[in-house]
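Trainee: The structure is given below, and queries will be raised subsequently.
The values are calculated or read from the model by the stated rules, or taken from the named source; none is laboratory data. Computed from a predicted structure; not experimentally measured. Note: areas computed on protein heavy atoms with side chains; ligands, DNA, RNA excluded. Shrake-Rupley method; radii C 1.70, N 1.55, O 1.52, S 1.80 Å.
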Amino acid sequence: MEQEVGESLIQLGNSDGSNSSSSDPVTRVRKLLFRRMLVGIKDGRFFLGTFHCLDKQGNIILQDTIEYRSTRRSSPSPMEQRCLGLVLIPSSCQNSCHVDCSVEEQFSLLKV
């Protein structure tokens, strides 16, 4: 099952300080390490890979990544895929972000 974390990943550093330590954002991002992540970008492509890194600007690095893109502009169109390896996805291009995890893990990721 997937959990939307796009904007919450970027806003992890903006905690209000109530019942959380300064390392809480780091702990929350560490829970996402090595999980399968699907990131959609504004031009319609999707990248499926293993979450490797998130920097202060919100850029996401995925490893063992596969790019999925539509071969035609009309819907429904077949998806073309290619293997890319290590990919950096700038925060300015990100449209959606989903993490593959169980329902219990989704709730633990949402806790502040």
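Trainee: How do Asp64, Asp55 stack up against each other in accessible area, from largest to smallest, with a 1.4 angstrom probe?
Mentor: Highest to lowest solvent-accessible surface, that is Asp64, Asp55.
Trainee: Straight distance only, please: which lysines reach the Cα of Lys111 with their own Cα at less than 16 Å, same-chain residues fewer than 8 apart left out?
Mentor: Of all the lysines, those that pass the test against Lys111 - Cα under 16 Å, at least 8 places apart if same chain - are Lys31.
Trainee: With θ set to phi - 60° and the Karplus curve 6.51 cos²θ - 1.76 cosθ + 1.60, what are the ³J(HN,Hα) couplings of segment 102-111 in order, to the nearest whole Hz, using x for Gly and Pro?
Mentor: In residue order, the calculated couplings are 6, 4, 4, 5, 4, 5, 5, 6, 7, 5 Hz.
Trainee: Rolling a 1.4 angstrom probe over the protein heavy atoms, how many square angstrom per residue are accessible across segment 61-112?
Mentor: Ligands and nucleic acids excluded, the result is 68 Å² per residue.
Trainee: So how exposed is Lys31, as accessible area in Å² (1.4 Å probe, rounded to 10)?
Mentor: Lys31 has an accessible surface of roughly 90 Å² with all protein chains in place.
Trainee: Could you give the length gained on full extension between Lys111 and Lys56, defined as 0.36 nm per residue of separation minus the Cα-Cα distance, in nm?
Mentor: Result for the pair: 17.7 nm of gain on full extension.
Trainee: Shifting gears a bit: For segment 25-110, which whole-number percentage of the solvent-accessible area (1.4 Å probe, protein heavy atoms only) is attributable to carbon and sulfur atoms? Please list the in-between numbers first.
Mentor: Numbers: 2890 of 5260 Å².
Accessible surface attributable to carbon and sulfur in segment 25-110 totals 55 percent.
Trainee: What lysines could a cross-link reach from Lys42, if we take a straight Cα to Cα line under 22 Å and drop same-chain neighbours fewer than 8 places away?
Mentor: Those lysines meeting the cut-off are Lys56.
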